Amino acid sequence: MRQHKRSFLKTAIAVALAGSASLAFAQGAPFKIGLILPMTGQQATTGRQIEAAAKLWMAQNGDTVAGRKIELVVKDDTSLPDQTRRLAQELVVNDKVDVLAGFGITPSALAVAPIATQSKTPEVVMAAATSSITEASPYVVRTSFTLPQVSVAIADWAPKNGIKSVVTLVTDYGPGIDAEKYFSERFILNGGKVMDKLRVPLRNPDFAPFLQKVRDLKPDALFVFVPSGAGAAVMKQFGERGMDKAGIRLIATGDVTDDDQLNDMGDVALGVVTSHHYSAAHPSVANRKFVEAFEKANKGMRPNFMAVGGYDGMRVIYEALKKTGGKGGGDALLAAMKGQIFESPRGPAYIDAQTRDIVQNVYLRKVEKKDGKLWNVEFDVIKDVKDPGKSK
Ligand code: PHB
């Protein structure tokens, strides 16, 4: 039954797409971007940020590219991969979208990869960050980041700054396992000791028992990765359990001191050092303009790294459509996405033509209070970092 269903889908996709790109072009049909995001549920902040960023991009750059009207079709997958898959199928077969984009979490991005491959539709991953996603389909292009890419820098910083022993605490799925592996290997290589590796479930995590264990083990620092949206809960419980007072420092990837939530985390976040590819405090003209426009369009909401992944994802799609002279077509679009170089609000970046993954700067940042607000203030940079996950 399942097999039958799948081959039906394959045929439906093939029929739906035969010659559709050139026909659509000839008829001046709109160019459709199917944006699948978690708009509700545990990952809703990611959906809210990316949708706002995509709309900002369109407001700033117009809704017509090379004569084609751009149509953004937003769908809520509630971060359940079965929903993501179903929505992607509908978007390809019924709506005949030219590009699939979004994908708040790794399981959602992976669920769509076979559909992207079968239908030759570019899958622009704007959020999910497990290294292996780009290998799941030759049609995946990523504008977010990878956990190996950002975890190594903090593992280099820590031992030079008095941290000789750590416990790691990560969410138990793709990006968490990547963060644990790449942080630990590098930290041990640098002479550090990993006393324990703890993993919390993705759905409804309770950090309390894990933090108690960390308190008992008393490492110099706790290294944390949790996905965007869960950072405030970790920070709050870290403070409530008096971990900082017990002399345990918190280090993390920037997913934890997420700009979407940072300002509400309170003083327990002050001084926390993280490594990441984007801070709303990044001191460039391009970023200042981006943050100002984003806040203005969204009732003061501060953009986070998810917003930047969405904004740059739209840029990559617009540029690709321009390069095909408005013609589109999965393979032509994909070829035009590879190798794009641009200045992002995060800093300089490009899409590696071989891996289809983003190459970008990784920054070390410290949470500081400025004008009464909390910011991830960058104090060091590692330039042009490729995903280290790809060379293994
Ligand atoms: C992911 O599921 O790949 C993911 C989600 C949120 C993050 C990082 C990675 O902050």
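Points worth noting:
- Filter result for K392 (modelled with pLDDT of 95 or more and either surrounded by fewer than 17 Cβ atoms within 10 Å (Cβ to Cβ) or more than 30 Å from L23 (Cα to Cα) (or both)): no
- All conditions in (1) touching a Leu at 6+ places or on another chain (Cβ under 6 Å); (2) more than 16 Å from G231 (Cα to Cα) hold for R288, with the sole exception of (1).
- Filter result (among the hydrophobic types (A, V, I, L, M, F, W, C), closer than 22 Å to A320 by Cβ and in a loop (DSSP other than H, G, I, E, B)) within the stretch 29-86: A29, A66
- Selection from the stretch 135-173 of residues that are in contact with a Leu (Cβ under 8 Å, 6 or more places away or on another chain), aliphatic (A, V, I, L, M) and farther than 19 Å from P219 by Cβ: A136, V141, A153
- Candidate set: the stretch 215-232, residues that are touching a residue at least 24 places away in the same chain (Cβ under 8 Å) and over 28 Å from G41 (Cβ atoms); chosen: the one farthest from the ligand (Cβ to nearest atom): K218
- Residues satisfying the stated conditions in the stretch 239-266, i.e. part of a loop (DSSP other than H, G, I, E, B) and more than 21 Å from A44 (Cβ to Cβ): R241, G242, M243, D244, K245, A246, G247, I248, G266
- Check on L270, in contact (Cβ under 8 Å) with a residue 40 or more places away in the chain, surrounded by fewer than 17 Cβ atoms within 10 Å (Cβ to Cβ) and away from the ligand (no atom under 16 Å from the Cβ): yes
- Test: residue in the stretch 234-246 that is surrounded by 16 or more Cβ atoms within 10 Å (Cβ to Cβ), aliphatic (A, V, I, L, M) and within 16 Å of the ligand (Cβ to nearest atom): yes
- Screening the candidates F31, F25 for the property of being buried (at least 24 other Cβ atoms within 10 Å of the Cβ) and among the aromatic types (F, W, Y) yields one hit, F31.
- Qualifying residue in the stretch 324-340 (condition: assigned to a strand (DSSP E or B) and buried (at least 16 other Cβ atoms within 10 Å of the Cβ)): no
- Between R365, R356, the distinction of being surrounded by 19 or more Cβ atoms within 10 Å (Cβ to Cβ), of a type in the set (D, E, K, R) and within 26 Å of T64 (Cα to Cα) belongs to R356 only.
- Leading residue by the ranking (surrounded by the fewest Cβ atoms within 10 Å (Cβ to Cβ)) among those in the stretch 100-125 that are within 11 Å of the ligand (Cβ to nearest atom) and not in a helix (DSSP H, G or I): I105
- E90 meets the conditions (1) within 16 Å of the ligand (Cβ to nearest atom); (2) free of Cβ contacts under 8 Å to residues at least 40 places away in the same chain; (3) not in a loop (DSSP other than H, G, I, E, B) in every case but one. The failed one is (1).
- Boolean, V97 is surrounded by 17 or more Cβ atoms within 10 Å (Cβ to Cβ) and in contact with a Ser or Thr (Cβ under 6 Å, 6 or more places away or on another chain): no
- Residue check for A252: over 20 Å from S165 (Cα atoms), out of contact with any helix residue (DSSP H, G or I) (no Cβ under 6 Å at 6 or more places or on another chain) and within 16 Å of the ligand (Cβ to nearest atom): no
- Count of the stretch 80-94 residues which are under 15 Å from P30 (Cβ atoms) and surrounded by fewer than 24 Cβ atoms within 10 Å (Cβ to Cβ): 1
- The set of residues in the stretch 161-187 being away from the ligand (no atom under 16 Å from the Cβ) and either within 27 Å of the chain's Cα centre (by Cα) or among the basic types (K, R) (or both) consists of K164, V166, V167, S184, E185, R186, F187.
- Unmet criterion (only one of (1) out of contact with any helix residue (DSSP H, G or I) (no Cβ under 6 Å at 6 or more places or on another chain); (2) surrounded by fewer than 23 Cβ atoms within 10 Å (Cβ to Cβ); (3) closer than 20 Å to A21 by Cβ) for E51: (3)
- Positions within the stretch 54-81 being within 16 Å of the ligand (Cβ to nearest atom), farther than 18 Å from T130 by Cβ and not hydroxyl-bearing (S, T, Y), in sequence order: none
- Number of residues in the stretch 126-150 that are within 11 Å of the ligand (Cβ to nearest atom), over 25 Å from Y318 (Cβ atoms) and surrounded by 24 or more Cβ atoms within 10 Å (Cβ to Cβ) equals 4.
The values are calculated or read from the model by the stated rules, or taken from the named source; none is laboratory data. Because the structure is a prediction, the values reported are computed rather than measured. Every residue, glycine among them, receives a Cβ derived from its backbone with ideal geometry; neighbour counts consider all protein chains shown.
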